[in-house]
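**Q** Sharing a structure here in structure tokens format.
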Amino acid sequence: MTAALSRSGYHVDAAEDGAVAWEALQAKPYDLLITDHAMPKITGVELVKALRSARMALPVVMVTGTLPAYEMALHPSLQFAATLLKPFALAELLDTVENVLHATARSGEPINPPPNWSRQPSAVGLQM
């Protein structure tokens, strides 16, 4: 996924687990989060719960082999922008990313930076 997104012109940060992803989300602003549910240390759902608790209005695409339906029903505040069930085609991923980013831009809702973020020049393209 990282390579396909990079080849399509997006700037991509990858994290080896949910804890590293959470640290990255607090360190700098992102336009989109793509997360798997089954990650070591912190699951995708736990990561999104932390994101929402911190009041970060970041769109989230959940990619997973098994949809965490129980968690989604239990926590409607998770608010995934989209979900992709594995396996999926890379074209489907790219279409989903483009659609979510366009919908976010049209909604006019600002994407709030993390609470500890200091102003930095914005990067071109997608950061996840």
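Here, each number is a calculation from the coordinates, and none is a lab measurement. These figures come from a predicted structure and were not determined experimentally.
**Q** Could you derive backbone 3J(HN,Hα) for segment 7-22 from the dihedral phi with the Karplus parameters 6.51, -1.76 and 1.60 (θ = phi - 60°), listing whole Hz in sequence and x where the residue is Gly or Pro?
**A** Calculated HN-Hα couplings, in order: 4, 8, x, 8, 8, 10, 10, 10, 10, 6, 7, x, 5, 5, 4, 4 Hz.
**Q** Report, ordered by chain and residue number, the lysines lying within cross-link reach of K49, taken as a straight Cα distance under 20 Å and ignoring same-chain residues fewer than 8 apart.
**A** In chain and number order, the partners are K28, K41.
**Q** For a quick check: with amide H placed at 1.01 Å from N, whose amide H comes under 5 Å from A38's, ignoring anything fewer than 5 positions away on the same chain?
**A** G44, G65
**Q** Sticking with this structure for a sec: Amide H neighbours of H11 under 5 Å, at least 5 residues apart or on other chains, H built in the peptide plane: list them.
**A** For H11, the qualifying residues are L126.
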